[in-house]
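Trainee: Pasting in a structure now, in structure tokens, and then I'll have a few things to ask.
The values are calculated or read from the model by the stated rules, or taken from the named source; none is laboratory data. Here the structure is a predicted model, which means the values were calculated and not measured. Here the Cβ positions follow ideal geometry from the backbone for every residue, glycine too, while neighbour counts run over all protein chains shown. To get the accessible areas, we keep the full protein, side chains included, count just its heavy atoms, and leave off ligands, DNA and RNA. Shrake-Rupley method; radii C 1.70, N 1.55, O 1.52, S 1.80 Å.
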Amino acid sequence: MYLQRRNRILRQSAALRSLVAETVLTPADFIAPLFINEGSGYRQEIPSMKGYYRMSIDLTVAEGKELWSMGIRSVLLFVKALDEVKDNTGKEAWNKDGLMQRTIKAIKEAIPEMVVMTDVALDPYSIYGHDGIVENGEIVNDATVEALVKMSISHAEAGADIVAPSDMMDGRIGAIRAGLEQNNFTKTGIMAYSAKYASCFYGPFRDALDSAPGFGDKKTYQMNYANRIEAIKETLMDIEEGADIVMVKPAMAYLDIIREVKNAVEVPVSAYHVSGEYAMIKAAAQMGWVDENKAILESLTSIKRAGADLIATYFAKDAVKLLN
Ligand code: PBG
């Protein structure tokens, strides 16, 4: 058979395949989410996230050092607040001595170069498990934004490099930017969860933080997964309001959105490979139904190929080990 073009030529050996690979993962692509618990020497596996742990500050710092030594340059902090500090104002979220603030300081002290990102949303502090303040069964926008501004300033004060609002209230990026400017935090970045969908794939995360909504769901603030154009609208608005990095979340079921956002913007795009996506791979691997290591690399490579410059993933450490 005579063929003018044979595409298999470039696939015939591992060396050739690597020479022409369009997408290459590196440790600096990853953001490692960390779940912080009160106490010391505390390390507890999250039942729905096998192999992932909630840790006290001391062990979180040790984990941060290990991540840094592996080439991972960023952590994203989430705290599991004690029940007694939860209310409907979220005021613990800007407590100078709160768990988040103490954690930020401890990490920046031990690993000053680590890019410390912090979750900004009220759900860990809410008696209702909602991302905002609740009035008459509704999650109210503007009062919540005021709380998020205080929370962001408090994280910046503690030393956070980047605040990451994950709440999906309207106008919060602009308000947070103004709050940071007014308080002279001119070096604090904002990574906006811009296209965050109301997704079932957050289930294990809510176990990890004990933050499942006490009533209803999050559909009045998080996006409808049927929508595509709206993701672009949300993202462009966040950039106009001052976002340094924008995010699409979840990742695997939203690769089309990642690509569309990537094509539409001129800021770095991140994607969050969320807890349910982690849990699915873990569960299938445990059953012997998929090869875990291969599933990790294929998933993360596809997220990067779709257009993510940064990937928040619970597989960050595993992926770096596999890449080496
Ligand atoms: C809450 C928040 C959630 C996640 C990050 N921040 C859950 C939610 O919106 O209910 C999910 C992360 C994951 O599932 O890994 N503001």
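Trainee: Residues being β-branched (V, I, T) and either under 22 Å from A284 (Cα atoms) or open to solvent by 40 Å² or more (accessible area, probe 1.4 Å) (or both): count how many of those fall in segment 41-59.
Mentor: In the first step, residues of segment 41-59 are kept if they are β-branched (V, I, T); the result is 46, 57.
The next check asks that each one be either under 22 Å from A284 (Cα atoms) or open to solvent by 40 Å² or more (accessible area, probe 1.4 Å) (or both); those that pass are 46.
So the count comes out to 1.
Trainee: Let me ask something additional. Among the residues of segment 199-218, which ones are at pLDDT 95 or above and open to solvent by less than 20 Å² (accessible area, probe 1.4 Å)?
Mentor: S199, Y202, P204, K218, listed by residue number.
Trainee: Within segment 118-139, restricting attention to residues that are within 8 Å of the ligand (Cβ to nearest atom) and acidic (D, E), which residue is nearest to K86 (Cα to Cα)?
Mentor: If we take residues in segment 118-139 being within 8 Å of the ligand (Cβ to nearest atom) and acidic (D, E), then D123 is nearest to K86 (Cα to Cα).
Trainee: Would you check which residues across segment 127-182 are open to solvent by 30 Å² or more (accessible area, probe 1.4 Å), touching a residue at least 40 places away in the same chain (Cβ under 8 Å), acidic (D, E) and under 21 Å from G98 (Cα atoms) and list them?
Mentor: E157, D161
Trainee: Enumerate the strands (runs of 3 or more DSSP E) found wholly within segment 43-83, keeping only those where 1 or more residues are within 27 Å of G189 (Cβ to Cβ) and modelled with pLDDT of 95 or more. Quick ask: steps written out before the conclusion?
Mentor: Details: elements: 43-46, 49-55, 74-79.
Answer list for segment 43-83: 49-55, 74-79.
Trainee: Here is a check on your reading of the model: is S18 part of a helix (DSSP H, G or I) and loosely packed, with under 13 Cβ neighbours inside 10 Å?
Mentor: yes
Trainee: Could you say which residue among Y193, Y221 is crowded, with 21+ Cβ neighbours inside 10 Å and within 12 Å of the ligand (Cβ to nearest atom)?
Mentor: Y193
Trainee: While we're here: Out of all the residues in segment 274-305, which are under 20 Å from L76 (Cβ atoms) and assigned to a helix (DSSP H, G or I)? Full working, then the answer.
Mentor: Taking segment 274-305 as the starting set, the residues that turn out to be under 20 Å from L76 (Cβ atoms) are 274-279, 281-282, 296, 299-300, 303-304.
Correct list: S275, G276, E277, Y278, A279, I281, K282, I296, S299, L300, I303, K304.
Trainee: Pull up segment 246-273, narrow it to residues that are under 22 Å from A319 (Cβ atoms), of a type outside the set (G, A, S) and part of a loop (DSSP other than H, G, I, E, B), then point me to the one that is nearest to the ligand (Cβ to nearest atom).
Mentor: It comes out as P250.
Trainee: So, in segment 214-232, of the ones that are of a type in the set (A, V, I, L, M) and touching a helix residue (DSSP H, G or I) at 6+ places or on another chain (Cβ under 8 Å), which residue ends up nearest to Y125 (Cα to Cα)? Talk me through it step by step, then tell me what you get.
Mentor: Narrowing segment 214-232 to residues of a type in the set (A, V, I, L, M): 223, 226, 229, 231-232.
Checking which are touching a helix residue (DSSP H, G or I) at 6+ places or on another chain (Cβ under 8 Å) leaves us with 223, 231-232.
On the way: M223: 22, A231: 27, I232: 30 Å.
Applying the filter and picking the extreme gives M223.
Trainee: Do the conditions hold for E38, that is, is it outside any helix (DSSP H, G or I), open to solvent by 30 Å² or more (accessible area, probe 1.4 Å) and in contact (Cβ under 8 Å) with a residue 24 or more places away in the chain?
Mentor: Working: outside any helix (DSSP H, G or I): yes; open to solvent by 30 Å² or more (accessible area, probe 1.4 Å): yes; in contact (Cβ under 8 Å) with a residue 24 or more places away in the chain: yes.
Here the answer is yes, as E38 does meet what is asked.
Trainee: So, of the residues in segment 196-213 that are of a type in the set (F, W, Y) and near the ligand (Cβ under 8 Å from one of its atoms), which turns out to be nearest to M117 (Cα to Cα)?
Mentor: Checked segment 196-213; the qualifying residue nearest to M117 (Cα to Cα) is F205.
Trainee: I would also like to ask the following. Looking only at segment 214-251, which residues are of a type in the set (A, V, I, L, M, F, W, C) and over 25 Å from S299 (Cα atoms)? Steps first, please.
Mentor: First, pick out the residues of segment 214-251 that are of a type in the set (A, V, I, L, M, F, W, C): 215, 223, 226, 229, 231-232, 236-237, 239, 243, 245-248, 251.
F215, L236, M237, I239, A243 - these are the residues of segment 214-251 that are of a type in the set (A, V, I, L, M, F, W, C) and over 25 Å from S299 (Cα atoms).
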